[in-house]
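Reading through the structure tokens given below for one structure.
Bear in mind that the values in this text are calculations on the coordinates, not laboratory data. Note that the structure is a prediction, hence the values are computed from the model and not measured. Positions of Cβ are generated from backbone atoms using ideal geometry, with glycine treated the same way; all protein chains shown enter the neighbour counts.
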Amino acid sequence: MKRRSNTVNEKTTAALRKPSRTINSRLRALRTFFAYCISKGITASHPVQNIVNLKVRHEVGATFSRQQLQRLLDTPKTDTFSGLRDLAVMTTFAHTGIRLKEVFSIRTFYSLVSIMRRLGGARFSIN
């Protein structure tokens with residue numbers, strides 16, 4: 001039978017291997033717990049108050065190479081309405097990083113009106 005050692009040093013090194021998000025969520029829980037204890041008069045000190053959260057590393061997912069992106073943008077047939085629409089959406093994705101839901105929530109009429117106003121177009125009323 002394999003004996004498990006529970007020394008403080010081994011637990012500390014195991015905790016250091018945890019992802020930053022796990023450690024930060026545990027720190028949040030401890031802060032909330034000690035704030036509760038202080039509000040109820042159970043303790044007067046807040047031992048985790050001065051501990052700062054770890055930096056969370058944001059990883060960028062896989063991206064397209066220039067050749068892959070060009071092949072993708074060359075795919076839609078630009079002689080049809082749906083092909084032009086698809087090309088416009090894909091170009092918007094490629095240049096802005098906007099999500100699909102955000103692309104389709106753009107209100108084209110109001111965008112056109114605001115563009116006309118910025119360009120100093122004729123005054124008109126919207127009914």
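Worth pointing out:
- Gain upon complete extension [Arg21, Cys37; 0.36 nm per residue less C-alpha separation]: 3.3 nm
- Förster radius 22 Å - calculated FRET efficiency between Gln68 and Val89 (Cβ-Cβ, nearest 0.05): 0.80
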